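The values are calculated or read from the model by the stated rules, or taken from the named source; none is laboratory data. Since we're looking at a predicted model, the values are computed, not measured. Neighbour counts run over all protein chains shown; Cβ positions are idealised from the backbone, glycine included.
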Amino acid sequence: MRVERLWVLLAAGALLLPGCTVKPKEVPSTDIDDLAYKDHVRVLASDDFQGRKPGTPGEDKTVAYISEQFRKLGLKPGNGKSYVQEVPLVQIAGTEQSLSMATPTGSRNLINGKDVVIWSTRALPQVQLKSSDVVFVGFGIVAPEYAWNDYANLDVRGKTVIVLANDPGYASKDPGVFKANGMTDYGRWAYKIEEAARQGAGGVLLVHDPQATGYGWSVVQSTWGGAQLTPPAAPAADGNAGPAIEGWLQKEAARALFAQAGVDFDRTAVAAAIPGFKAVPLGLKADAHIKNSIRNFSSANVIGVLPGRKSEYVLYMAHWDGLGTDPSLSGHNIYNGAVDNATGVAGLLVMAQSFVRTKPVADRSIVFLATTAAEPRLLGAQYYVDNPVFPLRQTAAVFNLDTLLIGGRSRDVSIVGFGNTDLEDTARSQALLEGRETRAEPYPHLGLYLRSDSYSFARRGIPVLYLQLGIDSGARGPAWGRAQLDDYYAHRYAQPSDIYSPDWDVYGAAIDLTLDYRVGEQVAASRRFPRWYPGSEFRVSHPHARGAPTD
């Protein structure tokens, strides 16, 4: 034993000699890996992925890439033994579309793609309207809590309704009307179609206003001009099949139609934002015809999980899909979707990497969900909440990684859907530690919280935090930052020009992801469930006093 102790002492002494030191094992950093992030964006936004449209070879490559990255990181398959949750979809592609409006004295043909973009979500080979009376119903809203009903004392069964974009609060800027400049649930384009369906309308045309929607007519053409995806056999809530014809009507074309009917469009649109507005029959007859090609297929949500010590969950999500390709375009015709949303998926992957390296493992499990078919109907996220792999009642919070904007460090961070959940309090305190402040998104009237996968979870009572790069650039100031944001939405959003560039500065996205990571880490370690603020429209009765989804 004495000899053995002597050898132990000699060995210990040798470790202290020059050149004999033993380096401790290096612990992997939990910092957001900006180099890995940038490389993931490069790969996902490459032409090889063909715009990542569901139901194409681009989907196959995307799902395989995300699944393989989850596997390499050591995440467990999220859906039993698989990383994939199959999402059944129907693709309805209009092969012929026509729409005309007639008065007793004449008729006007509306050119599809130029004056209107129309489609049908009825999975039928042919859909048509014949001599359908046309009625202007203002914003097409029935909102008892705001004492508003655009369909009051009105029967629109079989008729075609024309509806304004957004809601009366934005249009009037009156703080006593809806939420003034902030879009409500009733401002969503999808809500307006759903309400028209509940009213029994045969057709619905949404007037496109780039100021009210935040995007130009080219986005309408790219997003709604091709094949539409719907859930299989998805009737409206009251059991009818929904409008035969749905579509967007270009604002100048709307003016011309109203003039044809002897109605001043601009004056009538202003009146529609005043409480007590009454619908205006236009004396027009709509005739429409669409031929469809129909295809049923399964797409995929991709899910990985980092198990915690108890059966409660913190969920990070990003939609992987894009708009695919458009063979009718000359030159570069791939919607690469670099910012929207290769950045979000790349963020999801590096977020997973940081959590895998976090020790000790958090109490709550961390779920990483890449959703399909967000463009434009949020179908993958909706399918997940209708068929949750992990119980919604036990999901503490959701972090939405959507459209991580490009740029350097900012002095602020934008909270999309500002004023909804106390996750913002945690984000604010963490941002202050970084020398930054949190602010409301610069354009709340665009309703980005309602137009993204955030909505599917929020409407089921689960608090969602959605952060984006702020506009107050650390190097160039807020005017420059706002100009960059405006330029992206004006020239690259939902266009083939949304491409990756090797000279991108992704530092701003990396520090925003760091903030998402730190807030999520706190939620994962907490026993408390985040809550909605009292004034949030998503605040409903729920276990843990925060909302009440049903699984």
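Quick look at the numbers
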| item | result |
| --- | --- |
| Unmet criterion (only one of (1) on the phi > 0 side of the Ramachandran plot; (2) touching a His at 6+ places or on another chain (Cβ under 9 Å); (3) among the hydroxyl-bearing types (S, T, Y)) for S98 | (1) |
| Answer residue from the range 468-520, given it is of a type in the set (D, E) and either in contact with an Asp or Glu (Cβ under 7 Å, 6 or more places away or on another chain) or buried (at least 19 other Cβ atoms within 10 Å of the Cβ) (or both) and is farthest from A212 (Cα to Cα) among those | D516 |
| Complete set of residues in the range 96-117 that are modelled with pLDDT of 95 or more and β-branched (V, I, T) | I111, V116, V117 |
| Test: residue in the range 159-166 that is assigned to a strand (DSSP E or B), within 18 Å of A272 (Cα to Cα) and either within 24 Å of the chain's Cα centre (by Cα) or of a type in the set (D, E) (or both) | yes |
| In the range 82-101, the residues that are over 29 Å from N112 (Cβ atoms), touching a residue at least 60 places away in the same chain (Cβ under 8 Å) and hydroxyl-bearing (S, T, Y) | Y83 |
| Strands (runs of 3 or more DSSP E) wholly inside the range 90-151 containing at least 3 residues that are touching a helix residue (DSSP H, G or I) at 6+ places or on another chain (Cβ under 8 Å) | 106-110, 116-119 |
| Pairs, first over 19 Å from A227 (Cα atoms) in the range 45-61, second surrounded by fewer than 17 Cβ atoms within 10 Å (Cβ to Cβ) and acidic (D, E), C-beta under 7 Å, six or more apart | K61/D48 |
| N109 in contact with a strand residue (DSSP E or B) (Cβ under 8 Å, 6 or more places away or on another chain), surrounded by fewer than 21 Cβ atoms within 10 Å (Cβ to Cβ) and within 26 Å of L99 (Cβ to Cβ) | yes |
| Flag for I118 being among the hydrophobic types (A, V, I, L, M, F, W, C), within 30 Å of I274 (Cβ to Cβ) and buried (at least 20 other Cβ atoms within 10 Å of the Cβ) | yes |
| Single residue of L465, L432 found to be of a type outside the set (F, W, Y) and buried (at least 22 other Cβ atoms within 10 Å of the Cβ) | L465 |
| Candidates D516, D512, D498 - the one that is of a type outside the set (S, T, Y), at pLDDT 95 or above, over 24 Å from V356 (Cα atoms) and not assigned by TED's automatic domain parsing to the domain that holds T213 | D498 |
| Hey, R482 closer than 29 Å to R364 by Cα and in contact with a Pro (Cβ under 7 Å, 6 or more places away or on another chain) or not | no |
| Residue selected from the range 151-205 under the condition in contact with a Gly (Cβ under 9 Å, 6 or more places away or on another chain) and among the acidic types (D, E), by the criterion nearest to A241 (Cα to Cα) | E194 |
